[in-house]
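Readers should treat all values here as calculations from the given coordinates under stated rules, not as data from a laboratory. Computed from a predicted model, the values in this text were never measured in an experiment. Here the Cβ positions follow ideal geometry from the backbone for every residue, glycine too, while neighbour counts run over all protein chains shown.
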Amino acid sequence: MSYDTIEFLIADSVARLTFNRPKKLNSFNVEMHEEVRSVLRKVQRDKDIRSLLITGNGRGFCAGQDLSYRNDSTDEAKPNLGTSLEKYYNPLIRMLSDLEVPVVCAVNGVAAGAGANIAFACDIVVAARSATFIQAFSRIGLIPDSGGTWQMVHSMGRARAMALAMLGSELSAEHAAEWGMIWRCVDDDKLQQEGLDLAKHLSAQPTQAMAYIKRAINRATTNSLSHQLDTERDLQELAGQTEDYLEGVHAFLEKRPAKFVGR
Ligand code: T3D
């Protein structure tokens, strides 16, 4: 299938989604939302896909909402941005967070507005050293959305979150890594290989355990310790019933590398 606003490839159990509106710094219009949603559904359904890599074409990763589609608003006919979030951005963030395969994000350039928060919603984020993250919302009279307020407060703390949101200042990839927003940054020319290597590595891991790890870590941000212990018990019970757990134990005892099948 071909797409107008994205590229989508599957090879060796790794799906690769590339935002592809480079002249607009890969900002989102409705068509792009629909295409992205359709491939995320495919990733969720297709049990042969065991990891997802997201990146962008051109010099930007994603500049959030395409503002040229907001240009015709007048005092009489303002777009309802709550509806836009409910219909497009919130389902996208929920899908990324609920996907049962690891999602690697390779941030190739500026990630602004919802674009930054889409990156932060992925599971392992690597960024090119020259990439920047900008909560650009306040620059146009909006508040961070697409989970940005939640992600920032949980990862970098209230003081930094408040300043970034209010000032709309650029956060360098290096600071994003230091502040716990992303896994790490790498030299620009190493980024795509690094992202692909991570996605390939993850696609050979025990996929069910990856899904349970994701669920446990995501729940830990809001659960009490007691509740989290229950969550770990329930998910460990499920992990212990997988073929991959048996394989992992056998491989360890036989002193050989494990060959996980994702079940
Ligand atoms: O509306 C709703 O549905 C609610 C949901 C909102 C979610 C949001 O994401 S709101 C926030 C929207 N995004 C922004 O406010 C960011 C806008 N972009 C920028 O501030 C800057 O472009 C950047 C800081 C990201 C990068 O700056 P710079 O100087 O490197 O690039 P540039 O020259 O500004 O942009 C390059 C081109 O991309 C340019 O087009 P041109 O002049 O070469 O034809 C620019 O207009 C275009 N572009 C960049 N971002 C957007 C965009 N076009 C439309 N929408 C964009 N968001």
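Residues in the stretch 22-41 that are touching a strand residue (DSSP E or B) at 6+ places or on another chain (Cβ under 8 Å) and not aliphatic (A, V, I, L, M): Pro22, Asn26, Ser27, Phe28, Glu35. Restricting attention to the stretch 157-174 and to residues that are among the aliphatic types (A, V, I, L, M) and out of contact with any strand residue (DSSP E or B) (no Cβ under 9 Å at 6 or more places or on another chain), the residue that is surrounded by the fewest Cβ atoms within 10 Å (Cβ to Cβ) turns out to be Ala159. The residue pairs whose first member lies in the stretch 214-239 and is without any contact (Cβ under 8 Å) to a residue 24 or more places away in the chain and of a type in the set (D, E, K, R), whose second member is surrounded by 11 or more Cβ atoms within 10 Å (Cβ to Cβ) and not in a loop (DSSP other than H, G, I, E, B), and whose beta carbons are closer than 7 Å, counting only pairs six or more residues apart or on different chains, are Arg215/Leu235; Arg219/Gln228; Arg219/Thr231; Glu232/Ala216. The set of residues in the stretch 119-140 that are more than 10 Å from the ligand (Cβ to nearest atom) and more than 15 Å from the chain's Cα centre (by Cα) comprises Ala128, Arg129, Ser130, Ala131. From the set of residues in the stretch 119-147 that are closer than 22 Å to Arg215 by Cβ and in contact with a helix residue (DSSP H, G or I) (Cβ under 7 Å, 6 or more places away or on another chain), which is surrounded by the fewest Cβ atoms within 10 Å (Cβ to Cβ)? That would be Ile124.
The residue pairs whose first member lies in the stretch 124-145 and is touching a residue at least 40 places away in the same chain (Cβ under 8 Å), whose second member is within 9 Å of the ligand (Cβ to nearest atom) and among the hydroxyl-bearing types (Ser, Thr, Tyr), and whose beta carbons are closer than 8 Å, counting only pairs six or more residues apart or on different chains, are Asp145/Tyr89.
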